[in-house]
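Worksheet: one structure, shown below.
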Amino acid sequence: MADYLFWIPLLPLIGFLINGLLLGKLPRPVVSAVACTSVGASFVLSLLAFFDLKALDPAARQVEQVLFTWIAAGTFHVDVAFLLDPLSAVMILVVTGVGFLIHVYSTGYMHHDKDFGRYFAYLNLFTFSMLTLVLANNFLLMFVGWEGVGLCSYLLIGFWYHKKSASDAGKKAFIVNRIGDFGFLLGMFIIFWQIGSLEFTEVMAKAPVMFAAGGGLITAACLLMFLGATGKSAQIPLYVWLPDAMEGPTPVSALIHAATMVTAGVYMIARSNVLYLMAPDALMVVAIVGAATAFFAATIGLAQNDIKRVLAYSTVSQLGYMFLACGVAAFTAGIFHLMTHAFFKALLFLASGSVIHAMSNEQDMRKMGNLRKYLPITYWTMLLATLAISGIPGFSGFFSKDEILWKSFSSQYGHWALWLMGFVTAGLTAFYMFRLIYMTFHGKERMDSHTRSHLHESPRSMTVPLMALAVLSVIGGFVGMPHIFGVANLFEGWLAPVMHSKGHEAAAHALASAGGDAGMEWGLMAASVALVLIAIFAARHFYNKKPEAATALADKMTGLKTTLANKYYVDEIYGALVVRPLVNGSLFLWKVIDVVIIDGFINGLAVIGRDASELLRFVQGGRVRNYATVFVAGVIVLVAYFIFG
Amino acid sequence: MVPIHAFLLLAVILFGIGAFGVLISRNIIVMFMSVELMLNAANMVLIAFSRALGIVDGHVFVFLVLSVAAAEAAVGLAMIITIYRNRETINIDRYNLLKW
Amino acid sequence: MDWLTPLIFAPIVGSIIIALVPSKQTETIKGVSLIVSIITFILSLFVYAQFDKLGSGMQLSVNVPWVTSLGIHYHLGIDGISLLLIVLTTILTILCVLSSWRSVTHGVKGYFISMMLLTGGMLGVFCALDLFLFYIFWEVMLIPMYFLIGIWGGPKRVYAAIKFVLFTMFGSLLMLVAILYLYFQYHTYAGEYTFDILKLMQLPLPITPQHWLFAAFALAFAIKVPLWPLHTWLPDAHVQAPTAGSVILAGVLLKMGTYGFIRIAMPMFPDATMTFMPYISVLAIIAIIYGALVSMVQKDIKSLVAFSSVSHMGFVMLGLFALNQEAMQGAVIQMINHGISTGALFLLVGMIYERRHTRMIAEFGGLAKVMPVFSAFFMIVMLSSIGLPFTNGFVGEFLILLGTFKANMVYGIFAASGVILAACYMLWMYQRVVFGKVTNPENEKLKDINWRERIILIPLVVLIFFIGIYPSPLFERTEPAVRQVIAHIEKTRQAKMDLQRVDDNTLALREEDANTAPTADNGGEE
């Protein structure tokens, strides 16, 4: 079955090459057909791969396809090779499935853009890179995808390159990601140094032998890799690029900055779960950073007025949840949330794109209101997604989020404080999401008359993907229901072969023993549902029933409000602490060290030489008789030397 | 028979006059003649020793010097004339184009 | 059959043919140069085909006595490292001839004569196995380069040309002294006068003279590389040189320095290599970071690329001095990569300079709109320069960093930070040149690149991806050469240490070794 595996990433690459090399020469329908077909075919192959894999014995669900040797030097050897196992199978389904829907959606959304072909070329390139990332059988090939998606993110954020803010945002994303990649690289070096290989199967098999569990090296390696993850998945301290990334076209935000690319960090940690389980300190850092990011970003989300920025901070916050799950060694829960989040967050972004499309590119929620009248499909699909993200029982987000909260409480790596942060964040999430719904779709119509006259529901190519994603957002969670519901957790069972390590079994065992405490789990679940409901009603109160109450409350807390609205001034702080010293320091190096000191020294030598010659040239007076005199004097001296000397 | 040191003395005197002439004269023709004088002083020494030691090599060498001097005189005078045409002077101190 | 002699002398004969063409027939001159450079390229392909990738040692050797009284031989031969550099040189020469088609307007004849002589000199350096011959070729390429910068360069060309020549001469004279010392030393050792590199390598030298000799050679080569702080000639030379001059300068001339290290300085003086290793590594790391930081604030695109060369060549030096297979092979590949990427960058800059007669970043902006094809090429080359995976830059950089990390963790960490900085300066420059709105009215009427310019760029882009995705052919060819260099260094050092042990007659050293040796293996067993 392995023989067709490489076609899964290759097809989008072919699509990219066709659209990229024949840029501007193909008619639009052909461009979109090529782009959508390549990803669609890739999705079909992924489904095929999934079922083929399912047909295998659970222990044998690991298929590798080696294409060719990539780099071989000394003891270092890395192949271009793909690995299909339950984890990568889930990932390719999410990437190609959601990716395909977003491609279809884009044909409608980008219809009026003059750079239609370039857009789809980038989008296909992204799909290729993301599939390489998740299918790679070694860390280095994963890094190829890792940087590749970063590149596409850079290109797509800066897609409208004539806007300075867009190209700035793209550059920022790339550079911040590079900082993370620096960590990833060093982490890889440590792994290779100790194990002598970067292949996942070999690394995972040898790691328990080669590394001392809990030792400094493994902890350093895990932390460095996590630095990479914070860059790619927008966690503290490297999350700053993601909100700015909203400068890109909205489908891009849905695909790259919500559903797929930003989850790469979570995937990477889940993939290296064996390593992380050997480094409890690193796990703790992951959990704390995840929980802190979840809470921190959610608070910023409360005060944003740009519809996409709210969603951006919400993404950061939800990614925090996933890292929290990984940090408490509940990798399955993390991947589960990754999947459900891909559904509902992609839907949220696409729906907001539909809103922006209808509002003639207006993104400020203060200028919207009562849109449900004009955009019914968008409204209903977005509402479903909002219910899912808020964690209303029965929707997909409920199952995954609840799983994370419960594991963060009950796991041996968990702590009640972690749970508490997650719990509060759940309330905040529900609040800002319903604030968004109420400000956008309910209440008074605050747009100007011109915009209002153009309001229209989006075309079929956009609404169909919305509905498809809405279905997934609702039912996507049923594959992973908690044990206390008395049903088998299909998702956990599917991923179990990947999370096969001993340490994980111990954790599972600890969980099972804690699982006796079913009452506790029910109680916590009820508490979070109650909190979410309260938050929703609060949002309804402030933003639908009595908007003046919200203003009054905000006026009372102006300091807090401005701090939140300015995102805690983190960008400014980074600017003052990192960017400006770097630029000024470089200027100093150039203008002072290079030009004045080094070149001054060199030129000084030259000047000394020149001035010495300047003195000596007076000897060359141009008078023949002087030369003759010197000449005769020289002869006399020589003769005298030979006679008397 | 005139002793050899007489010849040598004469040669030294001739050479001295020649060298002095080169050093103090501004006239390029005079300088040129002084150089010839020095050459002939050297020739004299060669002849004197040749005769005193009874070896003809000195004679042979003098003929060589004479012919070279003749050629040199031709070329040198030609150069002086060319320079004179350009600079309209035979004052050596004015020939300072090579200065600096 | 001797393939190397025709290869070296094809361009030199070509320059004589060009000299015979009347200087007014510029089109004929250009045509002849193009044909000569293509012939040279084809010859280099023959050499590539003849080269046995499994064979170790020098191949395709020619060794005939030249000046017998002084023991000078006409000794040529190549290994994998020289092979790749030769092919790189011949490719870049064709592209340079093409890129000079329109940009050189005065003194066309002299220009192309210089180009051809330069090519012959460079090929000679890579083939020479006799130090005397090596030195001759080394100096031969200096002169045409001096003219290229000094006559066809920018406004400050004379300053730049003189600075370039003085720096290089300073180093190469010290090298000459060192060569002569070796020459006489070998005579006392073996009773034979020779300049043969392979023979001189066998000369055992006491530690102190080794240090001095290494320092002399290293200075000559480090100036060429250029290693911080000997780099200040480079930005001037690059900025002032004509496009083709910059391409050759960055693409090949800088490699002379690193090539000299790996071919001469390191294998001949293994102990000194060990002694100087930390110093050179630190300088290389400074070069990486310093070059990147300084290029970030440049206002002229060419000097930005020049400083980025300092940074990239720092990587190469670091890789060479990590002294393990991974890093050294990475360094060799990176030499090629830098030639391709930086060469392409200079060509691109040359293209917009031809149109706008300025290279100031601030003068541009919004080129993506008026010159989309140019922008796409620029993007690909920029990405290869910052080392994005699946482009050539990544393969070299990654191996260098990996090997360095293995050799010394701290060096590895500092050097890896260069990866971040590279992204900063390149992306910032790209943004200011290509993105944004067209603000300068002069940019509005710019024409996109034509077919000639595309033909120049396409081979480089193909190489960028080829080396990035499938570098095995290159690695296979450099592997034996690099292994041999390392083995030679190890062997010579080992022999010396054994000798010392016997001399010392103490167990102290042996105990120390016995203690350190197993720890190196322990990592694998724990």
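A few notes on this one:
- Applying the condition of being more than 7 Å from every other protein chain (Cβ to nearest Cβ), touching a residue at least 60 places away in the same chain (Cβ under 8 Å) and open to solvent by less than 20 Å² (accessible area, probe 1.4 Å) to the stretch A:149-166 and asking which residue is farthest from A:Pro12 (Cα to Cα) yields A:Ala166.
- Scanning the stretch C:223-260 for residues that are within 21 Å of C:Gln329 (Cα to Cα) and in contact (Cβ under 8 Å) with a residue 60 or more places away in the chain turns up C:Val225, C:Pro226, C:Leu227, C:Ala250, C:Gly251, C:Val252, C:Leu253, C:Leu254, C:Lys255, C:Met256, C:Thr258, C:Tyr259.
- Candidates C:Ile340, C:Ile333, filtered to the one that is within 13 Å of chain A (Cβ to nearest Cβ), under 19 Å from the mean Cα position of the chain (by Cα) and at pLDDT 90 or above: C:Ile333
- Residue match in the stretch B:54-72 (condition: within 14 Å of chain A (Cβ to nearest Cβ) and under 21 Å from B:Val30 (Cα atoms)): no
- Residue within the stretch A:587-599 that is in a helix (DSSP H, G or I), under 24 Å from A:Lys171 (Cβ atoms) and touching a residue at least 12 places away in the same chain (Cβ under 8 Å) present: no
- Checking the stated criteria, C:Met296 turns out not to satisfy the condition of being at pLDDT below 90, over 21 Å from C:Val381 (Cβ atoms) and in contact with a Phe, Trp or Tyr (Cβ under 8 Å, 6 or more places away or on another chain).
- Scanning the stretch C:413-432 for residues that are under 17 Å from A:Gly180 (Cβ atoms) and either in contact with a Phe, Trp or Tyr (Cβ under 8 Å, 6 or more places away or on another chain) or not assigned by TED's automatic domain parsing to the domain that holds C:Gln334 (or both) yields a count of 8.
- When residues in the stretch C:129-166 are screened for being open to solvent by less than 20 Å² (accessible area, probe 1.4 Å) and within 14 Å of chain A (Cβ to nearest Cβ), 4 of them pass.
- Of all residues making up the stretch A:369-382, the number that are within 29 Å of the chain's Cα centre (by Cα), of a type in the set (A, V, I, L, M, F, W, C) and open to solvent by less than 30 Å² (accessible area, probe 1.4 Å): 1
- The requirement of being open to solvent by 10 Å² or more (accessible area, probe 1.4 Å) and within 8 Å of another protein chain (Cβ to nearest Cβ) is fulfilled somewhere in the stretch C:477-493, by at least one residue.
- Hey, A:Trp406 more than 15 Å from A:Phe343 (Cα to Cα) and free of Cβ contacts under 8 Å to residues at least 60 places away in the same chain or not: no
- Top-ranked residue in the stretch A:586-605 [being facing another protein chain (nearest Cβ under 7 Å) and open to solvent by less than 30 Å² (accessible area, probe 1.4 Å); ranked as farthest from C:Tyr159 (Cα to Cα)]: A:Ser586
- In the stretch C:203-218, the residues that are open to solvent by 50 Å² or more (accessible area, probe 1.4 Å) and either free of Cβ contacts under 8 Å to residues at least 60 places away in the same chain or in a loop (DSSP other than H, G, I, E, B) (or both): C:Pro204, C:Pro206, C:Thr208, C:Trp212
- Residue in the stretch A:97-104 that is open to solvent by 20 Å² or more (accessible area, probe 1.4 Å) and touching a Phe, Trp or Tyr at 6+ places or on another chain (Cβ under 8 Å) present: yes
- Each residue in the stretch B:1-34 was checked for being hydrophobic (A, V, I, L, M, F, W, C) and outside any helix (DSSP H, G or I), and 2 pass.
- The residue that is modelled with the highest pLDDT, among those in the stretch B:84-100 that are within 14 Å of chain A (Cβ to nearest Cβ) and open to solvent by 60 Å² or more (accessible area, probe 1.4 Å), is B:Arg87.
- Taken together, A:Thr132, A:Thr127 contain a single residue that is in contact (Cβ under 8 Å) with a residue 40 or more places away in the chain, open to solvent by less than 10 Å² (accessible area, probe 1.4 Å) and more than 14 Å from chain C (Cβ to nearest Cβ), which is A:Thr127.
- The residue list A:Ile191, A:Ile256, A:Ile236 contains one member that is within 14 Å of another protein chain (Cβ to nearest Cβ) and among the β-branched types (Val, Ile, Thr), which is A:Ile191.
- Neighbours by Cβ (under 9 Å, 6+ apart or cross-chain): first from the stretch C:1-24, among the small types (Gly, Ala, Ser); second part of a loop (DSSP other than H, G, I, E, B): C:Ser23/C:Gly107
- No other residue among C:Ile301, C:Ile289 is outside the structural domain of C:Trp138 (by TED's automatic domain parsing) and buried (at least 24 other Cβ atoms within 10 Å of the Cβ) apart from C:Ile301.
- Selected residue (only one of C:Pro235, C:Pro229, C:Pro278 is assigned by TED's automatic domain parsing to the domain that holds C:Phe147, closer than 24 Å to C:Val419 by Cα, open to solvent by 10 Å² or more (accessible area, probe 1.4 Å) and assigned to a helix (DSSP H, G or I)): C:Pro235
- Only one of C:Leu92, C:Leu148, C:Leu117, C:Leu176 that is in contact with a helix residue (DSSP H, G or I) (Cβ under 9 Å, 6 or more places away or on another chain), part of a helix (DSSP H, G or I) and farther than 29 Å from C:Val62 by Cα: C:Leu148
- Where A:Pro280 falls short, out of the listed (1) surrounded by fewer than 24 Cβ atoms within 10 Å (Cβ to Cβ); (2) touching a helix residue (DSSP H, G or I) at 6+ places or on another chain (Cβ under 7 Å): (2)
- The single residue among A:Ala169, A:Ala205 that is in contact (Cβ under 8 Å) with a residue 24 or more places away in the chain and more than 9 Å from chain C (Cβ to nearest Cβ) turns out to be A:Ala169.
- Scanning the stretch C:53-84 for residues that are polar (S, T, N, Q) and more than 30 Å from C:Ala331 (Cβ to Cβ) turns up C:Thr68, C:Ser69.
The rows are residues; the columns are (1) closer than 26 Å to C:Leu427 by Cβ; (2) in contact with a Phe, Trp or Tyr (Cβ under 8 Å, 6 or more places away or on another chain).
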{"position": "C:Gly245", "(1), (2)": "no, yes"}
{"position": "C:Lys255", "(1), (2)": "no, no"}
{"position": "C:Ala265", "(1), (2)": "no, yes"}
{"position": "C:Pro270", "(1), (2)": "no, no"}
{"position": "C:Leu283", "(1), (2)": "no, yes"}
{"position": "C:Ile289", "(1), (2)": "yes, yes"}
{"position": "C:Val305", "(1), (2)": "yes, yes"}
{"position": "C:Ala331", "(1), (2)": "yes, yes"}
{"position": "C:His338", "(1), (2)": "yes, no"}
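- Some residue of the stretch B:60-71 being within 18 Å of the chain's Cα centre (by Cα), farther than 26 Å from B:Gly21 by Cα and open to solvent by less than 50 Å² (accessible area, probe 1.4 Å): no
The values are calculated or read from the model by the stated rules, or taken from the named source; none is laboratory data. Everything quoted here is computed from the prediction, not taken from an experiment. Heads up, the Cβs are rebuilt from the backbone with ideal geometry, glycines too, and the neighbour counts pull from every protein chain shown. SASA here: full protein model, heavy atoms, side chains in, ligands and nucleic acids out. Shrake-Rupley method; radii C 1.70, N 1.55, O 1.52, S 1.80 Å.
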